[in-house]
Amino acid sequence: MTTIRIVYPDTIPVDDFAHERAVAPDGVDLTYFGATDPSAIPDDVWRDADALVTGIRMPIDDAVFDRAKNCRIITRLGVGYDMIDTVAAARRGIRVCNVPDYGTTEVADHAIALLLSLLRGIVRYDQAFRDDAEEGWSFRHAAHVKRLSEVRLGAVGLGRIGTAAALRAKAFGMSVGFYDPYVPGGTELALGVDRYDRLEVMLAEVDAITVHTPLNDETRHLIGPDAVAAMKKGVVMVNTARGGVVDLDAIHDGLKQDRIGAVGLDVFETEPPEPDHPLIKAWRAGDEWLNGRCVITPHAAFYSPTSLRVMREKAVMTCVDYLTDGLLRNCVNQDLLTN
């Protein structure tokens with residue numbers, strides 16, 4: 001087999017591609033860099049690349065395509081592909097794919113875990129007792145505890161992960177609605193959930209919100225000041241999708257004004273989040289007004305050892321299968337390609 005050269009421009013596997021080498025056939029050459037700027041990678045590496053497997057550190061746009069002139073396929077090492085210019089790739093005949101199913105269960109589990117930690121007061125109880133062994137020993141410290149069968153959950157986005165989260169919420173006895181104009185009619189009947197045709201209507205009615213939409217021009221800051229103003233007072237919201245879908249300023253203001261009761265955030269528009277942002281400062285300082293109302297995790301919803309292995313295996317084999325057999329999976333710019 002002719003050597004296939006796959007470049008990982010902005011990721012560094014800590015085990016020298018152990019998972020990738022376990023599944024890739026002989027003749028696949030893997031090269032990695034931890035770069036954020038295309039100019040940090042030698043021109044001959046770009047020129048010889050048949051495929052790229054990308055993370056979230058380097059924008060993949062014309063600056064890359066001008067160098068990687070022989071690249072035929074790009075696979076995003078994960079689900080979201082907002083860092084890749086899919087239109088520019090299509091103009092050059094480059095297929096852009098992702099790995100949409102590697103961590104579906106992990107992200108759905110994490111979303112529900114964040115939600116439960118707030119709806120059951122877990123974080124606040126732990127913190128109160130840690131701070132004061134006597135006064136902290138009281139069930140009255142958590143203001144947002146609810147009987148789950150009385151909670152109505154609204155899912156913003158009902159793709160693979162949104163569906164998995166909705167089914168988990170139903171298993172806990174919650175009623176579930178969703179807003180997603182791209183989901184085919186009848187999906188709500190199959191899943192036993194309610195469809196909302198307008199986001200603001202759903203936000204006004206639900207007690208909890210979970211965000212599961214990709215990031216694009218349509219969804220950037222979808223949860224912004226107008227959305228927060230439309231929310232039912234005291235709502236609990238979690239985001240395990242993309243940080244840019246949520247306007248962090250609006251969330252801070254919503255919490256301060258008690259429009260939002262509590263938030264669980266795994267993703268941020270800038271990662272790590274800016275330490276001087278008012279919400280992050282208040283959270284890190286343990287400000288009383290925010291106690292028990294904010295849970296933050298480090299973009300970890302996707303992670304388990306199994307999901308990480310599956311993601312890496314599927315990413316490399318998506319490239320190999322296309323380059324060897326023409327088998328194309330999970331192509332996200334198929335409708336833009338002309339050749």
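Brief remarks on what is shown
- Once you reduce segment 259-301 and segment 305-330 to the center of their Cα atoms, the two points are 34 Å from each other.
- Based on the Kirkwood approach, the hydrodynamic radius assigned to the chain is 21.5 Å, with every pair of different Cα atoms included.
- Ellipticity at 222 nm from helices only: DSSP H runs of n ≥ 4 in the chain, each -39500 (n - 2.57), divided by the residue count, give -9500 deg cm²/dmol.
- Within the chain, the longest run free of exposed loop sites, counting GluC sites (Glu not before Pro) that sit outside DSSP helix and strand states (H, G, I, E, B) and have at most 11 other Cβ atoms within 10 Å, spans 1-133.
- Distance-filtered residues of segment 287-303 - backbone nitrogen under 17 Å, label point 7 angstrom along Glu135 Cα→Cβ: 287-292
- Additional length obtainable on full extension of the chain from Leu189 to Asp335, 0.36 nm per residue less Cα span: 49.7 nm
- Alpha-carbon centroid distance for the pair segment 193-234 / segment 90-149, whole angstrom: 18
- Of Lys233/Lys256; Lys256/Lys281; Lys146/Lys232; Lys146/Lys233; Lys69/Lys314, those spanning more than 21 Å from alpha-carbon to alpha-carbon: Lys69/Lys314
- Taking amide hydrogens as placed 1.01 Å from N in the peptide plane, the amide H of Tyr32 sits under 5 Å from those of Tyr8, each at least 5 positions away in sequence or on another chain.
- Where only alpha carbons of segment 1-98 are counted, the Rg and the Dmax (Å): 12.5, 35
- Compared with the direct C-alpha span, the chain from Lys256 to Asp26 gains 77.0 nm at full extension, assuming 0.36 nm per residue.
- Quotient of Cα Rg and 2.2 N^0.38 Å for segment 104-296, N being how many residues it contains: 0.99
- The loop-placed trypsin sites (Lys or Arg not before Pro) in segment 134-223, going by DSSP, that have at most 11 neighbouring Cβ atoms within 10 Å of their Cβ come out as Arg147, Arg198.
- Listed from fewest to most Cβ neighbours within 10 Å, the set Tyr182, Tyr81 follows the order Tyr182, Tyr81.
Bear in mind that the values in this text are calculations on the coordinates, not laboratory data. Here the structure is a predicted model, which is why all the values come from computation and not from measurement. Virtual Cβ from ideal backbone geometry, glycine too; neighbours counted across all protein chains shown.
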